[in-house]
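J.: Pasting a structure here, questions to come.
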Protein chains: 2
Amino acid sequence: MDAKPLNDLSQLCIHTITTKPWSIEEAAKNFSTEGVKGITVWRDALANRNIKQTGQLLRDNGLNIVSLCRSGFFPNKEKQKRKAAIDDNLKAIEEASELGTALIVLVCGADPSQSLEESRKQIQEGIKIILPQAKAAGIKLAIEPLHPMYADNRSAVNTLEQANDMAEALNSKSIGVAVDVYHVWWDPDLEQQVKRCGQNGNLSAFHICDWKTPTLDLLNDRGQMGEGCINIKQIRGWVEDAGFNGFNEVEIFSSALWKEDQHHFLHKIKENYLKYS
Amino acid sequence: MDAKPLNDLSQLCIHTITTKPWSIEEAAKNFSTEGVKGITVWRDALANRNIKQTGQLLRDNGLNIVSLCRSGFFPNKEKQKRKAAIDDNLKAIEEASELGTALIVLVCGADPSQSLEESRKQIQEGIKIILPQAKAAGIKLAIEPLHPMYADNRSAVNTLEQANDMAEALNSKSIGVAVDVYHVWWDPDLEQQVKRCGQNGNLSAFHICDWKTPTLDLLNDRGQMGEGCINIKQIRGWVEDAGFNGFNEVEIFSSALWKEDQHHFLHKIKENYLKYS
């Protein structure tokens, strides 16, 4: 059964990458003016900023800082690079603390020069290493399964089942899972795995956008809600039935939409969010 | 464990689409000259030909006609279009008979304007309808699971598990499954599902190519064996352990490789087949 209709913007969060042409200061002001209640911050948006002050600015604009996107990318054939990835993940935990968010989304990574099994092992090992620091900082790490078309070099965790397996194996309150409809919509086992994710207390984030036909680019041709074939309402229904009541985060990478007037785009996001999500 | 090395071309089959710039007559001559032993014929290659004579030409060149590629595309929201798909599938069965091959590969289809569940139902219904004619013609229909990035409009069957489920539900000697490494390499359940496929007598075809990093196009940027991250030897090992001893079919769609000199490309295919498959 589809979820109940969304009647307001109280659960609407937008990722800074969605309106990439805007600086984080512009995004904060414009999201706030338009009644958006949450923001997820991509790390590139924080470059050359005082992170604490930026966090304060977001809160001053009435925005909940839902998560920091993204760290991860643990696997590498070279030990030195795996070590560098750990350092970067620890840095992300510091950044999240300074920013004032309690969630980091992990894009787990994959190295095409080694097997998926090896990459998966290195992901789990990497998360284990950074887990104590996350716990100490009061920050949850959300494993995000990525669409199988990213299995070569972005994530060796490609189904919600795998993310659930990993989260349950790590067995910590500082571990969760991020469900993005773009990555998982095709999965015949999705309803069941969403349920399992909730039952185990791991359902930590919900990302939305749409899958366009045709999709012209593997990375930057996501559609906004309603432009594609994903039944977002159905998946939101499953996610809410599984106990999730957090933000619905609009995360869209689109070369085409980034070229549009971002104010117009933001209006369309609000409209489509209420209509199709 | 990886498969034993390939020492000769006795199991090498190439799809006509792989060397798309060549007519089927050119492909027949050049494959034959280079010692290729099998050919899979794409239906577009038969346009404006006498199909029986073309089949004879292929056999005269010492080529096994491994399969006809492709029919399927059963799902559609409109009944009239589903009916048209059935007609086209029956035509494909006739073409396969005339050509003299005992296998048709099914790209099952999907309609982005309806749910995947509905598309999956329509696929199974469609196959059921054409099954008696396939049986009468002595032709096997191989369900090919397609990569999840094609779930919108090419196939709602996206994992080998789903293909196995469907083949087992249809429960006929005229039904099989085609395993293409490009579509299934990322699947954590692959080894197990290949085993199951063989145990149930459904492992009917094995297609090879490679997944490049980066992949620049969802459709036409496949790599040749060795150019990417797929461990073809490992998957071939599983496929052979599951009882398959048919052709290894090179199926590559690549705008870049189609622009190359096709004789040079064919030499590289042979070399890479022995080295990386």
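J.: How crowded by other chains is B:155-161, given as the mean number of beta carbons from other chains within 10 Å of each beta carbon?
T.: Average per residue, whole number: 2.
J.: Residues of A:8-14, mean number of Cβ from any other protein chain within 10 Å of their own Cβ, rounded to a whole number?
T.: 0
J.: A follow-up question, please. Would you kindly derive the ³J(HN,Hα) couplings of the stretch A:37-50 from the backbone phi angles with the Karplus curve 6.51 cos²θ - 1.76 cosθ + 1.60 (θ = phi - 60°), listing them in order in whole Hz, with x for Gly and Pro?
T.: Here the 3J(HN,Hα) series is 9, x, 9, 10, 9, 7, 4, 4, 5, 9, 4, 6, 10, 7 Hz.
J.: Also, I was wondering about something else. Looking only at the protein assembly as shown, where both bridge partners belong to it, what percent of the DSSP beta bridges are antiparallel (to the nearest 5)?
T.: Antiparallel: roughly 5 percent of the beta bridges in the protein assembly as shown.
J.: Something else about it: What number, in percent, do you get for the relative contact order of chain A if the mean sequence gap of Cα pairs under 8 Å and at least 6 apart is divided by its residue count?
T.: Relative contact order, chain A: 20 percent.
J.: Local charge sum around A:PRO148 (other residues, Cβ-Cβ under 10 Å, Lys/Arg +1, Asp/Glu -1)?
T.: -3
J.: Let me confirm one metric for peptide A:140-152, namely the mean number of other chain beta-carbon atoms within 10 Å of its residues' beta-carbons.
T.: 3
J.: Okay, next question. Full extension from A:LYS270 to A:ASP241: what is 0.36 nm times the residue separation minus their Cα-Cα distance, to one decimal in nm?
T.: Going from the current span to full extension adds 8.1 nm.
J.: Still on this model: Give, as a single signed number, the net charge of other residues whose beta carbon lies under 14 Å from the beta carbon of B:SER97, with Lys and Arg counted +1 and Asp and Glu -1.
T.: Around B:SER97, the surrounding residues sum to +2.
J.: Let me ask another. Using 7 Å Cα-to-Cβ label points, what is the B:ASN200/A:GLN56 separation (nm, one decimal)?
T.: The modelled label-to-label distance comes out at 6.3 nm.
J.: Ok, one more. Using θ = phi - 60° and the Karplus form 6.51 cos²θ - 1.76 cosθ + 1.60, what ³J(HN,Hα) does each residue of the stretch B:69-77 get, whole Hz, x for Gly and Pro?
T.: The phi angles translate into 10, 7, 10, x, 6, 6, x, 6, 5 Hz.
J.: Sticking with this structure for a sec: If you take the beta carbon distance between B:ASP2 and A:SER172 as r and set R0 to 35 Å, what does 1/(1 + (r/R0)^6) give as a FRET efficiency, to the nearest 0.05?
T.: Rounded to the nearest 0.05, the efficiency is 0.45.
J.: Also: Any lysines with Cα under 27 Å of the A:LYS79 Cα? List them, leaving off those in the same chain fewer than 8 positions away.
T.: Those lysines meeting the cut-off are A:LYS91, A:LYS121, A:LYS128, A:LYS135, A:LYS140, B:LYS212, B:LYS233.
J.: How large is ³J(HN,Hα), in whole Hz, for each residue of the stretch A:241-247 in order, when computed from phi with the Karplus curve 6.51 cos²θ - 1.76 cosθ + 1.60 and θ = phi - 60°, using x for Gly and Pro?
T.: Calculated HN-Hα couplings, in order: 4, 7, x, 7, 9, x, 6 Hz.
J.: Between beta-carbons, use under 12 Å as the cut-off and find the net charge around A:ARG120, counting Lys and Arg +1, Asp and Glu -1.
T.: Combined, the nearby Lys, Arg, Asp and Glu give -4.
J.: While we're on this one: Under the rule a/c < 1.5 gives rounded, and otherwise a/b versus b/c splits prolate from oblate, where does the stretch A:55-199 land using the Cα gyration tensor?
T.: Oblate is the answer for the stretch A:55-199, as a/c is 1.5 or above yet b/c matches or exceeds a/b.
The numbers here are math on the coordinates, done by the rules we state, and not lab data. Everything quoted here is computed from the prediction, not taken from an experiment. Don't worry about glycine lacking a Cβ; one is built from the backbone with ideal geometry, like all the others, and counts go over all protein chains shown.
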